[in-house]
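Asker: Take this structure, written in structure tokens, and hold onto it; I'll ask about it next.
The values are calculated or read from the model by the stated rules, or taken from the named source; none is laboratory data. Nothing here was measured: the structure is a model prediction, and the numbers come from that model. Backbone-built Cβ (ideal geometry, glycine too); neighbour counts: all protein chains shown.
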Amino acid sequence: MVDEKYEIDNLDREIIFELQEDARRQFKIIAGKLKVSEGTIKNRVERLIKQDILKLEARVNPFALPRRISAIVGVNLKERNHEEIMKKIEKIPWVTSVWNASGRFDLFFELMVDSLESLNGALFKNDLEKIGGISYTETFIILSSNTKYFKIYRP
């Protein structure tokens, strides 16, 4: 990540919109549509990625896959060591994202597992139990979504 904040402009936004529609869209096609050179698109995308503004990655729809359970977990910590705990949670294979939040929970994380047994193991038997420093969690199982896509983990 770069220290200096990069302010995106209208061209950056239009490039992002194009890539949100199709992350594999060729820079040549985007350039033609936005009436700029292919090199401009390439440079802008590289800068957006370098500045940690844009990330191009494959995600899956958990509701299109058999035997997948997706959940969001709210976490309260015993101490104010958010960054340390976030880094530990990020290492759990089925965790797809972790974030610091305001409100009644200190942190949230998302995970996708193969079964209720796996969810139980992740929350109470294996993963979170080993991290420590957590006083309370509340788990919200996602029943459906038209917009939520997850990373899958490598076993």
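Asker: Looking at ASP52 and the list (1) closer than 30 Å to PHE124 by Cβ; (2) in contact (Cβ under 8 Å) with a residue 40 or more places away in the chain, which single condition is not satisfied?
Answerer: (1)
Asker: Of the conditions (1) modelled with pLDDT under 95; (2) surrounded by 18 or more Cβ atoms within 10 Å (Cβ to Cβ); (3) of a type outside the set (Asp, Glu), VAL60 clears all except one; give me its number.
Answerer: (2)
Asker: Specify which of the listed residues (LEU34, LEU11, LEU48, LEU19) is closer than 30 Å to VAL113 by Cα, surrounded by 13 or more Cβ atoms within 10 Å (Cβ to Cβ) and touching a helix residue (DSSP H, G or I) at 6+ places or on another chain (Cβ under 8 Å). Before the answer, list the steps.
Answerer: On the way: LEU34 fails: closer than 30 Å to VAL113 by Cα; LEU11 fails: closer than 30 Å to VAL113 by Cα; LEU48 fails: closer than 30 Å to VAL113 by Cα.
The match here is LEU19.
Asker: Which of the following residues is over 21 Å from LYS55 (Cβ atoms) and among the acidic types (Asp, Glu): GLU18, GLU14, GLU38, GLU7? Working first, answer last.
Answerer: Working: GLU18 fails: over 21 Å from LYS55 (Cβ atoms); GLU14 fails: over 21 Å from LYS55 (Cβ atoms); GLU7 fails: over 21 Å from LYS55 (Cβ atoms).
Checking each option against the conditions leaves just GLU38.
Asker: Sort through LEU143, LEU119, LEU123 and tell me the only one that's surrounded by 12 or more Cβ atoms within 10 Å (Cβ to Cβ), closer than 25 Å to PHE63 by Cβ, over 18 Å from the mean Cα position of the chain (by Cα) and at pLDDT 90 or above.
Answerer: On the way: LEU143 fails: surrounded by 12 or more Cβ atoms within 10 Å (Cβ to Cβ); LEU123 fails: at pLDDT 90 or above.
It is LEU119.
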